[in-house]
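Report on the structure given below.
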Amino acid sequence: MDDQSLDIEALVQRLDQYNTAYRNGRPMVSDAEYDRFVEQLRDISSDHPFLRAVEPEEFSGKKKIQHPDPMLSTEKAYTEEDLRRFVLRVEKAAGLVGADAIRFRVTAKLDGLAGRDDGHLLVTRGDGRWGYDITNAYEKGVVPVGGRGGGLGEIVIVKSYFDTHLSSVFEHPRNLVVGIISSDQVNDQALRALEDQAVHFVAYSTMAGQVCSAEELVTNTADITDTVLDGIDYPVDGLVAEVTDVAVRRAMGRTAHHYRWQIAIKTRGETALTTVVHVTWQIGRTGNVTPVMAVVPVPLSGATIGRVTAHNAGMIERHRIGPGAEIEIIRSGEVIPKLERVLSPSAETSLPSSCPSCGTKLIRQNDFLRCPNTEGCRDQAIQRIRYWFHTLGNADWFGQKTVEKLVDAGFSTLEKIYDMNAADYEGLGFGPVQSVNLETATRLSRTQIIEDWRFLAAFGIPDLGLGDSRNLLRVFPLEMLPHVSPEQIARIRGFGERTGHQIAEGLFSRRKMIGHMLARNFSLERTQPRMMDFILALGLMAGIDRIEGLSQKEKKTKTEALAGILAGRMSLEALAAGDETAALAACGGDRAVCERVMTAANTLADSLAMAAGLPLEWIRPAEIRNTGRASAISGKRIVFTGKMQRGSRQEMMRLAEEMGAVVQTAVSGNTDLLVCGEKVGDKKMEKARAADVLILSESEYLQMIDKEGGDSS
């Protein structure tokens with residue numbers, strides 16, 4: 001065997017290894033690096049069988065299904081020259097069939113797990129001819145955007161959700177997706193994402209795109225990229241351009257690997273080569289220990305880069321990163337540079353066994369290390385305090401060095417810091433002016449008006465960011481949270497059982513701190529809780545839910561309708577006092593149902609009384625109060641967009657909430673209605689259609705709620 005054959009064999013073996021790792025959700029190299037090896041193989045042996053087949057994927061234990069038409073990969077173009085060659089091939093084929101004015105449709109190239117949904121089965125791409133039946137993904141909680149039967153598409157996670165909740169746990173969004181599909185028992189983080197309806201099957205046919213000419217495709221790629229990717233909240237790795245003319249598609253045909261009338265446009269950011277000097281380990285506010293590479297400083301995209309994240313311990317191990325490792329880093333529009341590939345691994349790779357801050361023995365959780373010393377770890381205390389002031393956003397002066405100095409002097413909790421005055425700061429060595437500024441900063445953070453959900457999020461409770469804090473406070477008032485059970489949180493839409501346990505545990509562990517901070521009389525702009533959602537989450541309807549002879553859907557409908565009527569007809573005080581007369585009337589004279597409600601109310605009397613005693617204005621369904629019936633929009637998730645004619649958008653949102661609706665700020669997979677005024681952007685409309693959201697004009701919406709009001713008079 002000659003040297004070239006040996007090179008080819010070694011190269012194909014490496015490509016097989018990289019492909020297997022990628023398909024299993026643990027990529028060893030970047031897409032660009034993988035493609036470079038593919039092109040190297042093409043240069044050496046252009047007719048090698050590896051280049052003529054779809055890179056295979058395997059899901060053990062899954063049934064194999066044959067595709068009606070081959071489900072192939074996509075040819076890639078990294079340069080303008082690659083793209084021009086593709087366009088020339090298209091134009092040649094168009095000439096053969098007499099087609100002119102060739103047009104291309106350009107869409108985002110999703111970075112997930114490709115599949116095909118025919119309305120009955122969801123099947124992976126597999127080897128292109130045979131895929132694996134993963135229909136049970138929908139039972140696990142994957143959301144089919146636009147409904148079932150969308151054809152070819154991709155399973156992906158919402159990017160903003162991943163960045164907020166999971167980027168510190170998973171190296172890449174695809175890792176999570178593959179884990180969900182391949183495992184019978186998914187981990188807690190994946191279950192949370194499924195419960196929050198953040199994992200979607202997106203059919204390519206539902207995606208927004210831009211149609212352009214051949215010349216525009218080649219010369220205006222940057223603008224097309226900006227337009228197509230604007231508003232896409234999924235992981236993407238480029239664009240896909242395909243010929244729109246069916247006759248040209250037919251003439252161009254396909255290879256065993258890809259369709260010739262389609263190409264992926266992959267854009268690479270600026271890269272630089274550097275050497276790892278050493279790896280340091282940082283402790284986050286929740287105890288996660290993450291590696292950071294100190295590198296030989298190198299200019300990249302207008303900045304001098306000296307530090308690059310290595311993400312987690314697993315990456316350090318797999319890529320053998322340590323002093324002397326030669327690496328390539330990249331910035332593709334991100335502020336933070338990323339590791340692109342390891343050119344030469346280090347001979348000195350090691351992981352810490354104890355916390356670099358407090359010395360506590362670290363816990364290994366999959367690819368991650370964590371310090372369990374929540375209260376006594378110096379760096380965790382520093383990060384928690386910094387996170388508090390950063391999240392509040394209304395108190396300057398508490399930078400890294402200042403907080404470190406305070407913690408090292410024994411002021412490691414917010415309670416202690418808020419008890420300090422200027423003299424205390426001066427006693428620690430701060431200058432007179434800075435000491436006054438620090439005291440002023442804490443005073444302003446208390447006296448300036450701030451949203452209660454921002455206040456709650458600032459405590460840094462795991463899985464309770466700004467959005468979830470707002471959703472939680474729409475149901476339970478702030479004062480009640482330390483007493484809320486996991487089951488009660490789990491009943492709130494978008495949380496789920498495991499999330500409920502994690503958040504309840506975090507709230508309980510921070511109960512003293514929350515109490516101390518509330519006692520300092522922060523000027524909070526309070527969220528109005530919804531009484532209907534409160535009594536549902538509290539468990540007042542649990543007895544109704546156990547009625548036999550009804551399907552789950554019927555039980556849900558019945559309990560929600562009754563909760564709405566109770567919220568409209570009874571006060572919290574009456575429920576806490578066990579007013580059976582009022583309850584019987586609210587239950588329509590159904591004594592059996594009334595008894596179940598009153599039994600639950602008696603058990604929950606303390607919570608109901610506490611809620612009733614809070615100085616809050618509860619949102620109660622207006623139509624129920626007036627008519628005894630739930631409104632047409634009660635419980636509906638509604639987004640208002642565009643300029644309204646009858647009143648301001650804020651006024652319409654407020655009225656909708658009074659009628660029992662849940663007003664959202666952006667269209668998502670769980671939105672029910674999009675109400676459109678004037679000058680609504682196409683992208684928001686397209687997103688609503690893709691999510692199968694009912695779209696109403698302002699007049700149609702008003703006619704719907706006005707008609708209901710007219711019927712009730």
Quiz item: Looking at the range 518-547, which of the residues that are within 18 Å of Cys587 (Cα to Cα) and not in a helix (DSSP H, G or I) is modelled with the lowest pLDDT?
Solution: Ile547
Practice problem: Identify the residue in the range 170-198 that is among the β-branched types (Val, Ile, Thr) and crowded, with 20+ Cβ neighbours inside 10 Å and, among all such residues, is farthest from Asp133 (Cα to Cα). | Solution: Val177
Quiz prompt | Qualifying residue in the range 393-401 (condition: under 29 Å from Gln189 (Cβ atoms) and out of contact with any Leu (no Cβ under 9 Å at 6 or more places or on another chain)) | solution = yes
Quiz prompt | Residue in the range 188-197 that is out of contact with any Leu (no Cβ under 8 Å at 6 or more places or on another chain), basic (Lys, Arg) and under 30 Å from Leu472 (Cα atoms) present | solution = yes
Practice problem: Scan the range 599-618 for residues that are in contact (Cβ under 8 Å) with a residue 40 or more places away in the chain and either assigned to a loop (DSSP other than H, G, I, E, B) or acidic (Asp, Glu) (or both) and report the count. | Solution: 5
Quiz item: Within the bounds of the range 579-598, is there any residue that is polar (S, T, N, Q), in a helix (DSSP H, G or I), at pLDDT 85 or above and crowded, with 16+ Cβ neighbours inside 10 Å?
Solution: no
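Condition check ((1) more than 33 Å from the chain's Cα centre (by Cα); (2) in a loop (DSSP other than H, G, I, E, B); (3) not acidic (Asp, Glu)) across all residues:
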position: Ser350; (1), (2), (3): no, yes, yes
position: Asn373; (1), (2), (3): no, yes, yes
position: Ala381; (1), (2), (3): no, no, yes
position: Trp388; (1), (2), (3): no, no, yes
position: Phe411; (1), (2), (3): yes, yes, yes
position: Phe430; (1), (2), (3): yes, yes, yes
Quiz prompt | Members of the range 205-226 that are under 15 Å from Ala108 (Cβ atoms) and not in a helix (DSSP H, G or I) | solution = Met207, Ala208, Gly209, Gln210, Val211, Cys212
Quiz prompt | All positions within the range 37-83 that are of a type in the set (Lys, Arg), modelled with pLDDT of 65 or more and surrounded by fewer than 17 Cβ atoms within 10 Å (Cβ to Cβ) | solution = Lys63, Lys64
Self-check item: Residue tally, condition touching a helix residue (DSSP H, G or I) at 6+ places or on another chain (Cβ under 7 Å) and under 25 Å from Val90 (Cβ atoms), over the range 191-205
Solution: 0
Quiz item: Just to be sure, is Ala458 touching a Ser or Thr at 6+ places or on another chain (Cβ under 8 Å) and at pLDDT below 90?
Solution: no
Quiz item: Quick one: how many residues across the range 302-330 are under 28 Å from the mean Cα position of the chain (by Cα) and in contact (Cβ under 8 Å) with a residue 24 or more places away in the chain?
Solution: 14
Quiz item: Among the listed residues Ile263, Ile321, which satisfies the condition of being among the β-branched types (Val, Ile, Thr), within 30 Å of Thr225 (Cα to Cα) and modelled with pLDDT of 90 or more?
Solution: Ile263
Quiz item: Would you pick out the residues in the range 471-488 that are at pLDDT 90 or above, in contact with a Phe, Trp or Tyr (Cβ under 8 Å, 6 or more places away or on another chain) and over 21 Å from Val662 (Cα atoms)?
Solution: Val484
Quiz prompt | Filter result for the condition that a residue is touching a Cys at 6+ places or on another chain (Cβ under 8 Å), touching a residue at least 40 places away in the same chain (Cβ under 8 Å), closer than 22 Å to Arg510 by Cβ and of a type in the set (Asp, Glu), over Asp379, Asp452 | solution = Asp379
Quiz item: Within the bounds of the range 95-104, is there any residue that is assigned by TED's automatic domain parsing to the domain that holds Gly179, in a loop (DSSP other than H, G, I, E, B) and surrounded by 15 or more Cβ atoms within 10 Å (Cβ to Cβ)?
Solution: yes
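The values are calculated or read from the model by the stated rules, or taken from the named source; none is laboratory data. This one's a predicted model, so the numbers in the text were calculated from it and none came from an experiment. For neighbour counting, all protein chains shown are included, and Cβ atoms are generated from backbone atoms with ideal geometry for every residue, glycine included.
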